[in-house]
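Enquirer: I am attaching a structure below and will ask some questions about it afterwards.
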């Protein structure tokens, strides 16, 4: 079985501050990991993905995430927040093969950016 | 038009109505999905179609009936819904699906459904 934990439901940062959104996963096999972003009144959009290549993954809009197997984490960061980053962020894990391969989403974290 | 398109964007229906949600993808993908997004809950996978064949039904009530006539179109037929079915219904597609969830999902903007 696999799962994703996104602690907390809301993060608020000032414009220009570091963004850190946490994601921990549970998987019995090497996982594929994803971060998606959802802007108001829109569907989810892929930010970045980890597929067992480099552990530091760079995505769109200046976001990056680092896969840490020892900590079972895949936290999302951005050095300097912009007002346009305000959205909901979802971490997702896919593990297993064949019919056991499923994509599991976390509950999501709402990011607010203060001027 | 590119990406994944869902219509209508908003739908209000009574519990005795019958309506359908439509999804169309222009990405040449093989797999299509229906997800339900309710407030403060994780996305719930409802159905998966791979090459037009349903490969997953995640214990969805029979008042939701999917249809996939080809790899580019996906429908969700609704009848005798309950107020708790009110949610955002998202359609997605991917290059491979069902058996190997490696490629990312591409989502539509969703249909906001309200059941009165």
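Every residue, every condition in (1) under 12 Å from the mean Cα position of the chain (by Cα); (2) part of a strand (DSSP E or B); (3) farther than 19 Å from residue A:36 by Cβ, yes or no:
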| residue | (1), (2), (3) |
| --- | --- |
| B:23 | yes, yes, no |
| B:29 | no, no, no |
| B:41 | no, no, no |
| B:78 | yes, yes, yes |
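Enquirer: I've got another one for you. Could you check region B:55-72 and list, in sequence order, the residues that are in a strand (DSSP E or B) and surrounded by 16 or more Cβ atoms within 10 Å (Cβ to Cβ)?
Expert: Filtering region B:55-72 down to residues in a strand (DSSP E or B) leaves B:55-57, B:64-70.
Those that are in a strand (DSSP E or B) and surrounded by 16 or more Cβ atoms within 10 Å (Cβ to Cβ): B:56, B:64, B:66, B:68.
Enquirer: Something else about it: Mind listing just one residue for me: the one in region B:4-21 that is part of a loop (DSSP other than H, G, I, E, B) and more than 15 Å from the chain's Cα centre (by Cα) and, of those, surrounded by the fewest Cβ atoms within 10 Å (Cβ to Cβ)?
Expert: Within region B:4-21, the first condition is being part of a loop (DSSP other than H, G, I, E, B), and the residues that meet it are B:8-9, B:14-17.
When the remaining residues are screened for being more than 15 Å from the chain's Cα centre (by Cα), the result is B:14-17.
Working: B:14: 10, B:15: 13, B:16: 8, B:17: 14.
The residue in question is B:16.
Enquirer: Against the conditions (1) over 21 Å from residue A:103 (Cα atoms); (2) touching a residue at least 40 places away in the same chain (Cβ under 8 Å); (3) out of contact with any strand residue (DSSP E or B) (no Cβ under 6 Å at 6 or more places or on another chain), where does residue B:62 fall short? Just the number, please.
Expert: (2)
Enquirer: Among the residues in region A:54-77, are any within 10 Å of another protein chain (Cβ to nearest Cβ) and either at pLDDT 90 or above or over 29 Å from residue B:58 (Cα atoms) (or both)?
Expert: No, region A:54-77 has no match at all.
Enquirer: Would you confirm, using the coordinates I've provided, whether residue B:76 is within 11 Å of chain A (Cβ to nearest Cβ), crowded, with 21+ Cβ neighbours inside 10 Å and under 24 Å from residue A:90 (Cβ atoms)?
Expert: no
Enquirer: Here is a follow-up. Would you pick out the residues in region B:82-110 that are more than 18 Å from residue B:26 (Cβ to Cβ) and either surrounded by fewer than 22 Cβ atoms within 10 Å (Cβ to Cβ) or at pLDDT below 95 (or both)?
Expert: Of everything in region B:82-110, those that are more than 18 Å from residue B:26 (Cβ to Cβ) and either surrounded by fewer than 22 Cβ atoms within 10 Å (Cβ to Cβ) or at pLDDT below 95 (or both) turn out to be B:82, B:83, B:84, B:85, B:86, B:87, B:88, B:98, B:99, B:100, B:101, B:102.
Enquirer: If we only count strands (runs of 3 or more DSSP E) wholly inside chain A, which ones have 1 or more residues that are free of Cβ contacts under 8 Å to residues at least 24 places away in the same chain and within 26 Å of residue B:3 (Cβ to Cβ)?
Expert: A:44-50, A:56-58, A:64-68
The values are calculated or read from the model by the stated rules, or taken from the named source; none is laboratory data. Being a predicted model, the structure only gives us computed values, none of them experimental. Positions of Cβ are backbone-derived with ideal geometry, glycine not excepted, and every protein chain shown enters the neighbour counts.
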